[in-house]
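Following: one structure in structure tokens, then a few remarks.
Just so you know, all these numbers are worked out from the coordinates, no wet-lab data involved. Source: prediction; values computed, not measured. Here the Cβ positions follow ideal geometry from the backbone for every residue, glycine too, while neighbour counts run over all protein chains shown.
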């Protein structure tokens with residue numbers, strides 16, 4: 001007796017016909033899991049980010065605070081990635097704090113949005129409690145709930161202690177009255193001191 005005899009040939013034939021679809025779906029899930037970027041969920045005090053920030057103190061660092069479903073944020077992320085790829089030898093480390101500022105924001109969406117910043121010098125975090133926004137609201141005197149869609153720059157050797165170090169420079173992309181307005185040109189100008197020494201020997 002074969003399997004088809006047990007369950008009826010029509011049902012068996014239908015099962016066989018859909019089997020490739022199930023296999024392809026399972027394979028797609030495995031492929032996504034294998035390619036999914038690492039994105040730790042930050043605690044309220046941002047400990048994992050602070051530790052990573054201090055561990056990279058031998059190089060320039062950029063902290064990016066953005067929403068994964070904000071169009072302006074994703075454009076900014078893409079342009080930062082373009083600059084990094086344009087200067088692959090620049091000693092930079094980028095920390096992206098994906099934060100829930102819009103109703104559609106969640107970690108799964110952030111994992112997909114992380115593809116906009118795929119350079120190996122980028123480290124992603126899901127900032128569930130908006131640690132970065134809370135810190136920069138206070139430190140940079142940004143209006144409440146407006147400290148996002150922004151870049152914060154730190155030159156080498158600055159350490160994050162009980163309180164964050166003073167930024168070397170920062171830009172915002174929200175049309176605020178504080179901070180330098182973001183543009184790709186301003187980003188390149190600010191990074192020139194870090195990029196040129198790394199590329200001078202090429």
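Observations
- Centroid-to-centroid separation of segment 120-141 and segment 167-188 [C-alpha atoms, Å]: 16
- Computing FRET efficiency as 1/(1 + (r/R0)^6) for residue 141 and residue 119, where r is the C-beta to C-beta distance and R0 is 25 Å, gives about 0.20.
- Annotation for residue 107 and residue 85: the two label points, set 7 Å from Cα along the Cα-Cβ direction, are 2.8 nm apart.
- Paired Rg and Dmax values of segment 43-156, which use every Cα atom, in angstrom: 13.2, 38
- What the Cβ-Cβ distance of residue 38 and residue 59 gives, at R0 = 25 Å and to the nearest 0.05, is a FRET efficiency of 0.80.
- Computed lengthening from residue 186 to residue 157, 0.36 nm per intervening residue step minus Cα-Cα distance: 8.1 nm
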